[in-house]
Amino acid sequence: MAEVSYIKASRVFSGNPPVRAVDELSLDVADGEFLVLVGPSGSGKSTALRMLAGLEDVDEGAINIGGKDVTNVPPKGRDIAMVFQSYALYPHMTVAENMGFALKLRGVNKAEIKEKVAEAAKMLDLTKYLDRKPKALSGGQRQRVAMGRAIVREPSVFLMDEPLSNLDAKLRVETRANIAALQQRLGTTTIYVTHDQVEAMTMGHRVAVLKDGLLQQCDTPRALYDRPANAFVAGFIGSPAMNLKTVPLTSEGAKLDGIVVPLSRSALDAASSEQLAEVTFGIRPEALALVPSGDEGMEMTVELVEELGADALVHGAVKIGDSSERFVVRVDGRTPPSLGQNVKVVVRDATEIHLFHPESGARLEA
Amino acid sequence: MTLDATSLQVVKASDARLKRTDRSRLASFGLHATLIIASFIAVFPVFWVLVTSFKPDARAVETTPKLVNESSLDNYSRILAGDKGGFLTWFGNSVLIALLTTIIAVFLAATTGYAVSRFRFPGKRGLMMSFLVVQMFPFAVLIVPLYNVLLTLGLQGNSFGLVLVYCTTAVPFCTYMLKGYFDTIPMDIDEAGRVDGLSPFGVFWRLVLPLARPGLAVTAFYAFLTAWGEVAFASAFLSAADESKTLAVGLQVFVQQNRTEWGHLAAASILVSIPAVIVFYLVQRFLVTGLASGAVKG
Amino acid sequence: MRRFLDRYWYAYAMVLPVVVVIAVLVLYPLAQGVYFTFTNINEANIANPVLDRPATFDVVGFKNYLNVLSGDQSYGAFWGTLVRTLIWTFSCVFFHYTIGLGLALLLNRQVRGRTLYRVLLILPWAVPGFISAFAWKYMFNAQYGIINQFLRSIGLPDPVWLGQSNWALVAVIIVNVWLGVPFQMVALLGGLQSIPGDLYEAAEVDGATPWQRFVHVTLPGLRSVSSTVILLGIIWTFNMFPVIYLIADKNPNTRILVTYAFERFFSGASRDYAVASTYGVLILSLLLVFASVYRRALRKQGEVW
Ligand SMILES: Nc1ncnc2c1ncn2[C@@H]1O[C@H](COP(=O)(O)OP(=O)(O)OP(=O)(O)O)[C@@H](O)[C@H]1O
Ligand SMILES: [Mg+2]
């Protein structure tokens, strides 16, 4: 059990120009917390995790585990366990040997190793496979062995780098729940890397969003969804992605295809204090609604309808100024509009509007 | 119209299939014929020595050679009894030297190959280049300076000095080969081992070496052969006393002194080849994968 | 500096033994060998610790190089020998590669008894070189050799293989081809097996004939193995001394650079170390030039090596 903190930690890969794969990352993870690192490919998630594991140098700053500075401690001294994307099972050892290897290295006696391995195997439903080599296992079983190898050690921190990305969709959902439940039960601090924001939202106590090596925001899934700190996070979290458009401002609100969406006073103040003529206007598909054609609203031509069962996603073009912009609206799955139809779209709830600075992307209003 | 086209296609397809099996029957004959001829050429010289080894010296040089001609095991028994030089002593020396060379060369090549495969460090490129350059120099010409070095180190006339010299000839190629093999072992395995509590050396010793067995087998084979059949260094660096000779040197002397004793020579040759062939047989199933990854990655 | 050591010490620890061994047993002797090329050192004037005799050789500058490069007969007719070395090297490597590739292609198919064929075909590699040399020398014998016996029986002329003619060169090339094919075959077979099967299927679906598949899938797939084994083959063959030395002895018709160096080194009482070393240095320079040209050519084709 331990808390983890990154203190302005950076990893700079030499090159021309040097790549700042992780750039002054500051992050505190509480004891027992499940923290998810999420971000697009190449954003530095794996690098950040590997820095914590001691597999990657920390070029600037420091990393603490359990209050101790481990910046220059080799992996074996950090009391961590890691699950790799490729699982990295030792091909020449059986499942039981794989799981017990770390204990063996620590000089734990054989009987105790056996007992702990058996216990973990039972927890993960691997008892049948203990004598097999990894080659003779399916992908899902290998994944569980990799988990088992981490659990057996009873480390103070679990690190997982996209452990589910090699599984099929159904198994992934299942395993996702299992991992979360397991973590709950063991209460071990866990850092989990994924590029899948659904995984991030469903599993993490808190989610840290990275982009280009920079931490964008770290908060609970709810807070990320409700109050994204910038346009990047707004677009990255939530599926389907938030509609983000640059629109002109009037003294009343944001101007969209003939209608003016009224904005809150504080938002308008924030914009005017920066003297902005335009803002990045964000609204989630679920905060938009279709209204009967007589009513007031944005005119939208339906271009695509994705039926998801309970819901349907309506993609369509809306005129903003001279150009036409694509919007997505989530509607009731039973009564979707048909292709080519002209519909009217309104904002369901003004409090669900997000405004961002058009250049910096930072959230406007306090 | 459509019907015509489809039926035509079906006919064509089955036609093609027919042709294919037809051709492959002929091809299969050609394939086996070629392989049999090639294998015959590969094996024949050895086979012929084997045949000769049973003949008395006089019968071995008849102008119309026969497979069996007063054949017996006499040549072997006389050689093993030591009538033609201290064969068994030479044999022991050779085994010792070849085994030591194999162990040391494989160990050196493995550590170096691992470092070159896994770590980036200043001087790595230079090291790899120097391995290539070492192969280019005709070693024979180094004998005098080498002699001086070994003398200074007190290893001249000593088996261990010879072993070191053999290692320098075997290690560069072995390192290349093993580096290539190590490159095929994913880095994740190393990292998992580090996280599980191994030091960099522990990773090498407990994970990478066991996984690199095919590569190590090929390397061992190569190193063994380097030492087993070498003549020039062995004659220069071992003391002239008969009991310190290796097989290759002893046999060479035997050849020079007994140019006509073909039967005995053949028998001795067969005896010398047996250990090499045994080693070869043990590693042959690893040869292809082991050598390939080395050469592919170079 | 501390950080430097901190980061790299295990890498250096792992390469250190090899570096030490190579430095002591190759680089230092090499330097001394290069020094010898500027002297007139030989058996008579070298320091002899056994007889307690000090060295009495002199530095003679570039004289050895001038003598050798003049192509003088008494210094091994350098240019003629060089040409013979090139013929030897390229014909050997050519046959090694083509035969090796051919056999590898055959072995790469589903053939019954593939393992047996493979074992038999690799066998020449496993037999110690001096034994093979002895076997071939016996088979090439003009009177009682099985080869001439065979040629006579099918009515072909039976040359004196190892006599003073170019037949001797042909004979040693045959032996060296026999010796060298297994290595190339095994390396190329490994290369073939590393070409993913679906590439062939993709090509077949695209309508490529077997020949087109060979040219557009197999050969490019073997590119990096080939470039490595050909380079190694050339270096090794260029310096291949035991085969020639053991089979043809000091026959001038089979003399290549490295065997001449050896001849000078061991022959008679004079044991001309200076000229032998000069040959050694020239061989090294030729190979270095060749290797760098070869690399550059490969790099031009986009091959990183
Ligand atoms: N060894 C290295 N040398 C140079 N640059 C590197 C190295 N490893 C990673 N990088 C760079 O660092 C950045 C972050 O890489 P990282 O592997 O952490 O991304 P990631 O967020 O895990 O992406 P993915 O989701 O694709 O795994 C990338 O731009 C990558 O190119
Ligand atoms: Mg990653």
_Backbone HN-Hα couplings from phi across segment C:10-25 [Karplus 6.51/-1.76/1.60, Hz, Gly and Pro as x]_ = 6, 4, 5, 4, 6, 8, 3, x, 5, 4, 5, 4, 5, 5, 6, 9
*Partner chain Cβ atoms within 10 Å, averaged over the residues of C:185-197 - can you pull that number for me?*
5
*Just how far, in whole angstrom, is segment A:269-330 from segment B:246-284 if you go by their alpha carbon centroids?*
89 Å
*Report, in whole Å, the centroid distance computed from the Cα atoms of segment C:121-184 and segment B:136-212.*
35 Å
_Using only DSSP helix segments of four residues or longer, with each worth -39500 (n - 2.57), what per-residue ellipticity at 222 nm results for chain A after dividing by its residue count and rounding to 500?_
-8000 deg cm²/dmol
*Value of relative contact order over chain A, rounded to a whole percent, pairs C-alpha under 8 Å and six or more apart*: 16 percent
*May I ask you to sort A:F281, B:F107 by Cβ crowding, counting other Cβ atoms within 10 Å and putting the fewest first?*
B:F107, A:F281
*Please state the charge dipole magnitude for chain B, taken about the Cα centre, from unit charges on C-beta atoms (+1 on K and R, -1 on D and E), reported in debye and rounded to the nearest 20.*
820 debye
*Tell me the label-point distance for the pair C:A44, C:D198, using the 7 Å Cα-to-Cβ offset, in nm and rounded to one decimal.*
7.5 nm
_Mean ellipticity per residue at 222 nm, deg cm²/dmol - from DSSP H runs of n ≥ 4 across chain B, formula -39500 (n - 2.57)_ = -25500 deg cm²/dmol
*Measure out, as a whole number of angstrom, how far apart the alpha-carbon centroids of segment B:72-103 and segment A:77-141 sit.*
49 Å
*List the extent of the Cα atoms of segment A:1-72 along each of their three principal axes, largest first, rounded to whole Å.*
40, 27, 18
*What's the longest bit of chain B with no exposed trypsin sites (Lys or Arg not before Pro), using DSSP loop states and at most 16 other Cβ atoms within 10 Å as the test?*
B:121-258
*Starting from the coordinates of the alpha-carbon atoms of segment B:79-294, obtain the Kirkwood hydrodynamic radius over all distinct pairs and give the value in Å to one decimal.*
18.8 Å
_Value of relative contact order over chain B, rounded to a whole percent, pairs C-alpha under 8 Å and six or more apart_ = 30 percent
*Which Rg and Dmax, in Å, describe the Cα atoms of segment C:188-227?*
9.9, 29
*Over segment A:4-235, what is the percentage of antiparallel beta bridges among all DSSP beta bridges, to the nearest 5?*
50 percent
_Relative contact order, percent, segment A:63-208 [alpha-carbon distance under 8 Å, six or more residues apart]_ = 29 percent
*Using a 10 Å cut-off on Cβ to Cβ distances, tally the other chain neighbours for every residue of B:272-281 and report the average as a whole number.*
3
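Readers should treat all values here as calculations from the given coordinates under stated rules, not as data from a laboratory. On a predicted model such as this, the values are computed, not experimentally measured, just so you know. Methodologically, a virtual Cβ is constructed for each residue, glycine included, from the backbone with ideal geometry; neighbour enumeration extends over all protein chains shown.
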